[in-house]
Amino acid sequence: MTVTGTGAPSWFTLRVPRSWFEFDVWRASRTGDLARLVDERIAQLPQLRPQRAALLRLLREVAERAERQGAVYCAATAELVDGSDGLVASVMVFHTDGMATDADNTAEAIAGQITAVVPTDRSSPWRTVTVVEMPAGRAVRTRGVERSEPDGVRIDGVIMQTLIPVPDGHGVLNVVLSSPHVDIAEELFELFDAISDTLAWSRDRPEQLSTAR
């Protein structure tokens, strides 16, 4: 994925399972790219045809949210899972200039700016904050269940963020993975870990992950 803008790295790569849809954030809301992606997938998996409209609607919602929030990369999945209503998840990557001084953009400094949240009961939101070592460098990782209330309706979601300083002081990348399936939060965190840890600084785009979920 090419990242443009002042202070951004020339290239970063991120790998997602083959079953996920990757798309250009800008083009997704302005061209027929999403419809073509869905139709190509249906050609491979005809059993998805009855879900074409719902799948396309979901991807458009994700694309619109990604553009509205300023994401530089986006991918999403909506898959059938035996015995459930399916798996819905997305990943967005954001780039910021970070703080004015390099000392404030280290993983430890970033971690110190994020508040952990201890759950008050089994159904309440929570968040952990840790410093992790990744192939791309030292980073901050948050895991948790966060709550939003659009239009007064309470929605809980599984959220993982990985904030990693860009080499040579070019700001911070934030890899944000989310899903509404709080009942399988631990399984999702394993998947989100695997995706986040593929972040790399490279000019060559890698093959997608061979493991589909």
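Only protein heavy atoms count here; on that basis, with a 1.4 Å probe, ASP24 has an accessible area of about 70 Å².
Ligands, DNA and RNA aside, MET160 has an accessible area near 0 Å² when probed at 1.4 Å. Using heavy atoms of the protein chains and a probe of 1.4 Å, the accessible area assigned to ARG15 is about 80 Å². Computed over the alpha-carbon pairs of segment 8-125, the distance histogram in 5 Å steps reads 2, 9, 16, 16, 15, 13, 11, 9, 6, 2, 0 percent, short to long. Label positions at THR31 and ASP168, each projected 7 Å from the Cα along the C-beta direction, are separated by 2.9 nm.
In this rough spin-label picture, where each label sits 7 Å from Cα along the Cβ direction, the GLU190-ILE114 distance is 2.2 nm.
The values are calculated or read from the model by the stated rules, or taken from the named source; none is laboratory data. Being a predicted model, the structure only gives us computed values, none of them experimental. Neighbour counts run over all protein chains shown; Cβ positions are idealised from the backbone, glycine included. Note: accessible area is taken over every heavy atom of the protein model, side chains too, but ligands, DNA and RNA are not part of it. Shrake-Rupley method; radii C 1.70, N 1.55, O 1.52, S 1.80 Å.
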